[in-house]
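First the structure, in the form of structure tokens, and then the observations on it.
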Amino acid sequence: MRARQFDLIAFDWDGTLFDSTALITRCIQAAVGDVGGTVPTHRDASYVIGMGLMQALAHAAPDVPPEKYPLLGERYRFHYTQHQRDISLFEGVLPLLAHLKQRQHVLTVATGKSRAGLNEALRSVELVGVFDGSRTADETAGKPSPLMLDELMSEFGVAPERTLMIGDTTHDLQMALNAGCASVGVSYGAHEPDAFHVLSPLHVAHSVQELSDWLAAHG
């Protein structure tokens, strides 16, 4: 097999591996409405996907006072848990991960989800143990801070130039830039890919199959 260009590959979760962006957007809108805030547009609600939960909700609901943030978070989690079993991995993710493991890449997740939320999502799609490591916003810092990637690179002893971040938002690609890593964007998630190019991704994939093909040739 061709030598690896990247030893460590970090995936965002929602909108990159997991087909959850539409649900998250609706849950953000519902939560803001529940606490009496101005319901954000679909565009504004989807923009904050990838941030830590409270950071995202505060950005999406600027007229909601800070003392209501805990309730806002509770209402978001309520709406999300009602439908989390309705969503699944994007088609093609399982063979993609299997191929990368065969090539002995270190596979990780860097996500704006909480640790509890990521663990539940991994259990729901039977991916517990597939990833070598992961970091969540509540145990490090929200994107685009580089802390998640910095900690993963330190844990596995991988340099930035041998690390690749894959995500569906500008927050993911900016995090990669901040950490000195390369990135690949995917256009089928939360953010419009027109905004990706100023953040210098190596590639923008329009499907999981295209992502898999690119990684086979360049990863």
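Taking segment 176-185 as the range and being over 16 Å from Tyr47 (Cβ atoms) and either outside the structural domain of Met148 (by TED's automatic domain parsing) or outside any loop (DSSP other than H, G, I, E, B) (or both) as the test, the residues that pass are Ala176, Leu177, Asn178, Ala179, Ala182, Ser183, Val184.
Output yes when any residue across segment 62-84 is of a type outside the set (Ser, Thr, Tyr), touching a residue at least 60 places away in the same chain (Cβ under 8 Å) and either closer than 30 Å to Val35 by Cβ or not in a helix (DSSP H, G or I) (or both), and no when none is. Among the residues of segment 62-84, at least one is of a type outside the set (Ser, Thr, Tyr), touching a residue at least 60 places away in the same chain (Cβ under 8 Å) and either closer than 30 Å to Val35 by Cβ or not in a helix (DSSP H, G or I) (or both), which makes the answer yes. Exactly one residue out of Arg103, Arg26 is in contact with a helix residue (DSSP H, G or I) (Cβ under 8 Å, 6 or more places away or on another chain), of a type in the set (Lys, Arg) and surrounded by fewer than 18 Cβ atoms within 10 Å (Cβ to Cβ): that is Arg26.
Name the residues in segment 121-155 that are assigned to a helix (DSSP H, G or I) and surrounded by 15 or more Cβ atoms within 10 Å (Cβ to Cβ), would you? Within segment 121-155, Ala121, Leu122, Ser124, Leu147, Met148, Leu149, Asp150, Glu151, Leu152, Met153 meet the criteria. With respect to Gly219, determine if the residue is within 20 Å of Arg103 (Cα to Cα), at pLDDT below 95, of a type in the set (Gly, Ala, Ser) and buried (at least 17 other Cβ atoms within 10 Å of the Cβ). Yes: the conditions hold for Gly219. Close contacts from segment 1-26, counting a first residue that is within 18 Å of Leu173 (Cβ to Cβ) and a second that is of a type in the set (D, E, K, R) and part of a helix (DSSP H, G or I), with Cβ to Cβ under 7 Å and a gap of 6+ residues or different chains, come to Phe6/Arg162; Leu8/Arg162; Asp12/Asp172. Being within 30 Å of Ala116 (Cβ to Cβ) and touching a Ser or Thr at 6+ places or on another chain (Cβ under 7 Å) holds for only one residue in His171, His191, and it is His191.
Within segment 146-170, if we keep just the residues that are modelled with pLDDT of 95 or more and hydroxyl-bearing (Ser, Thr, Tyr), the residue that is nearest to His206 (Cα to Cα) turns out to be Thr163. When we screen Met165, Met148 for residues that are in contact with a helix residue (DSSP H, G or I) (Cβ under 6 Å, 6 or more places away or on another chain), under 19 Å from Met51 (Cα atoms) and in contact (Cβ under 8 Å) with a residue 60 or more places away in the chain, the only hit is Met165.
The values are calculated or read from the model by the stated rules, or taken from the named source; none is laboratory data. What you are looking at is a predicted structure, and each value in this text was computed from that prediction instead of being measured. FYI the Cβ positions are ideal-geometry reconstructions off the backbone, even for glycines, and counts take in every protein chain you see.
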